[in-house]
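Report on one structure; see the data block that follows.
The values are calculated or read from the model by the stated rules, or taken from the named source; none is laboratory data. Here the structure is a predicted model, which means the values were calculated and not measured. Note: ideal-geometry Cβ built from the backbone for every residue, glycine included; neighbour counts use all protein chains shown.
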């Protein structure tokens, strides 16, 4: 069962926001009520062997307390069993599903009822691949129209083998999926509190302007591409360099803590 784990080297929108705020606040309140009343999907449980894999290789899982570990496990189990997994030129091993699901759980821990419902299929390539929509080589991408998350396994492993460089394709693509999921009407939308989201977007515009002027306080240049890429890059720094993020961009860090309902810097220090 642990064959694939031999490969794992994981030891180590600007505009007028007033209307948006009002509409989003109402939608968020309705979502919160609906989520609290919603009948849970089938509950899956990880096996002892799967927990052992997480305990050995999922670094974020290792740092959690027991209550959060149980939430983490439920999210992982749901992704493993409910998502449609496809290997594109690579055999889909159980460990691959488990580790990519753990990546999703790392991001979604603050929202254990959010399972990225719109994104039903996860496609895994052995290495970087040529994307049909762009014609360029990609390490991963999200295609909201098709409900797809695509990831290069080689680059996924690299991201978790180097846990302090703020380059993690798994977290980056899951962050894109979360960003889109929040605005797709499917019963799971508007889980990001609208006032926090508006504050985030406002601060993101300011930071993107600094990056474009060569005055970045932390993030790499790619973060200035647009709001979606800024969020995805920020998530990488949030989990891989939380202390530095907290120090250099404290207000932005605090907003993201509120948005994702977790604080990795606090977890790192505990």
Kindly provide the set of residues from region 73-94 that are farther than 19 Å from residue 154 by Cβ and assigned to a helix (DSSP H, G or I), ordered by number.
73, 74, 75, 76, 77, 78, 79, 80, 81, 82
Do we have residue 214 as more than 17 Å from the chain's Cα centre (by Cα) and either assigned by TED's automatic domain parsing to the domain that holds residue 108 or part of a loop (DSSP other than H, G, I, E, B) (or both) here?
yes
